1. Could you say which residue among S315, S296 is within 28 Å of the chain's Cα centre (by Cα), among the small types (G, A, S) and part of a loop (DSSP other than H, G, I, E, B)?
2. Could you list, in sequence order, all residues of the stretch 260-288 that are polar (S, T, N, Q) and surrounded by 10 or more Cβ atoms within 10 Å (Cβ to Cβ)?
3. Search the stretch 108-141 for residues being more than 30 Å from E217 (Cβ to Cβ) and modelled with pLDDT of 85 or more, and hand back the single one that is farthest from the chain's Cα centre (by Cα).
4. From V216, V199, V220, V161, which residue is in contact (Cβ under 8 Å) with a residue 40 or more places away in the chain and in the same structural domain as S260 (by TED's automatic domain parsing)?
5. Filter the stretch 242-258 for residues that are at pLDDT below 90 and either part of a strand (DSSP E or B) or within 20 Å of G213 (Cβ to Cβ) (or both) and give the result.
6. Can you pull out the residues in the stretch 206-220 that are surrounded by 15 or more Cβ atoms within 10 Å (Cβ to Cβ) and either within 16 Å of H140 (Cα to Cα) or not charged (D, E, K, R) (or both)?
7. For the structure I just gave you, tell me whether G188 is modelled with pLDDT under 85, crowded, with 17+ Cβ neighbours inside 10 Å and over 24 Å from N249 (Cα atoms).
8. For the stretch 265-289, which residues satisfy the criterion of being of a type in the set (S, T, Y) and either under 17 Å from A190 (Cβ atoms) or touching a residue at least 60 places away in the same chain (Cβ under 8 Å) (or both)?
Amino acid sequence: MRKITNIKFATLLALAVVLLVGCTKEQSSLSMDDLKKSAKIMGQYTYDEGMDYVGGKYERLIKPAAGVIVEVTIPVGDVTGNDKDKGVVTYTTKTDKDGRYEMVIPMTDNGVEVTIKPVDFVGVYQSVVEINGATPEYLHQEVVYSAESAKVALKPNQIKVNDGMYSHTIVSTEDGYPYVSKYIVNVGKATYTLQSNSVGDEVINKEYRPFKGADVEISVTYADNVLKYIATTNSDGVAVFNIPTHDMNWSPNIMVNVKSFVEDSFLYYRNEYSDDEQAYVNESYVIEGGVFEQASTISGTVAFSDLEGMPAPESRVKMNFKPFDGVETYGYSVSEWSSVQF
């Protein structure tokens with residue numbers, strides 16, 4: 001983003017813009033005197049400006065979303081305590097140069113549920129087309145950056161943090177890429193839990209749970225080059241890619257690579273015989289450190305179609321835990337996950 005705005009948040013009650021939409025006479029009589037309690041919402045918004053290639057490595061360009069307007073809306077019924085009251089109250093502020101924002105929300109003793117949404121903006125997304133020696137070649141495309149809304153419940157005197165990252169949609173028709181194809185990657189993190197079976201006994205359960213915040217890179221093979229894109233998984237473990245393309249019906253090769261990440265500790269369950277209880281029991285162990293790595297290579301041809309009702313193609317990536325060398329593993333083995341579905 002080109003514009004950077006510095007903001008000091010002294011008292012946002014004075015700066016907030018309040019809009020009462022569709023208010024009844026009783027609603028419009030609501031005054032600040034009725035809202036004697038307050039809570040604070042704060043956070044940071046960033047956006048993914050694409051990729052660079054520096055020192056023989058790909059780097060992701062994560063930038064602060066500086067100077068963007070953040071809207072916080074509250075149903076009037078939450079404020080008045082009457083579900084029949086319609087409309088919303090809207091407060092606005094701007095992020096500072098680091099993409100951070102704060103807002104004080106007035107309320108009654110009952111608290112409120114707010115919806116937080118920063119506004120969209122237009123920017124440029126950079127892709128690395130290819131590497132000639134040590135010199136990268138780039139593709140720059142005009143995009144619209146947008147962030148998902150988030151609902152946050154607030155009680156008086158609370159301080160809650162809500163961060164977010166903008167995703168992008170290609171809008172430029174330059175460089176021969178007038179269309180966009182949607183591609184989805186689901187990322188699951190290997191996790192042990194205890195689960196009760198039909199007779200009430202606790203059994204060890206192995207499952208891949210949605211992994212939030214994983215960096216996913218895809219390499220898309222076009223007829224004339226290979227482009228790389230990166231996205232971050234949301235709370236459902238899903239990364240969404242909007243791939244620029246020459247045609248809505250096409251079948252490129254796509255390789256998926258989820259970045260490895262370090263884990264300080266990993267909870268491992270094992271069924272073993274207990275001399276004290278003279279029976280097999282489930283024991284838990286904490287493995288002190290390791291790394292989650294992609295279980296297998298995911299690469300192949302993906303068919304995209306503009307037929308109405310066709311779901312977006314998707315891939316599912318398993319992330320398995322590998323202990324650091326020298327740590328106590330208590331008998332854990334990555335091979336335990338070979339037959340677990342995701």
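1. On the way: S315 fails: part of a loop (DSSP other than H, G, I, E, B).
One residue alone meets the criteria, S296.
2. Initial filter on the stretch 260-288 (polar (S, T, N, Q)): 260, 265, 271, 274, 278, 282, 284.
Within the stretch 260-288, S260, S265, N271, S274, N282, S284 qualify.
3. In the first step, residues of the stretch 108-141 are kept if they are more than 30 Å from E217 (Cβ to Cβ); the result is 108-115.
Filter once more, so that each one left must be modelled with pLDDT of 85 or more: 111-115.
Numbers: G111: 27, V112: 24, E113: 21, V114: 19, T115: 17 Å.
Step by step, filter the stretch 108-141, then rank; the result is G111.
4. On the way: V199 fails: in contact (Cβ under 8 Å) with a residue 40 or more places away in the chain; V220 fails: in contact (Cβ under 8 Å) with a residue 40 or more places away in the chain; V161 fails: in the same structural domain as S260 (by TED's automatic domain parsing).
Criteria check complete, one pass: V216.
5. Matches in the stretch 242-258: N242, I243, P244, T245.
6. Listed by number, the residues that qualify are Y208, P210, F211, A214, V216, I218, S219, V220.
7. Details: modelled with pLDDT under 85: no; crowded, with 17+ Cβ neighbours inside 10 Å: yes; over 24 Å from N249 (Cα atoms): yes.
Answer is no for this residue.
8. Of the stretch 265-289, the ones of a type in the set (S, T, Y) are 265, 268-269, 273-274, 280, 284-285.
Hits for the stretch 265-289 are S265, Y268, Y269, S284, Y285.
The values are calculated or read from the model by the stated rules, or taken from the named source; none is laboratory data. Predicted model, so just to flag it, every value in this text is computed and none were measured. Glycine gets a Cβ as well: all are built from the backbone with ideal geometry, and neighbour counts include every protein chain shown.
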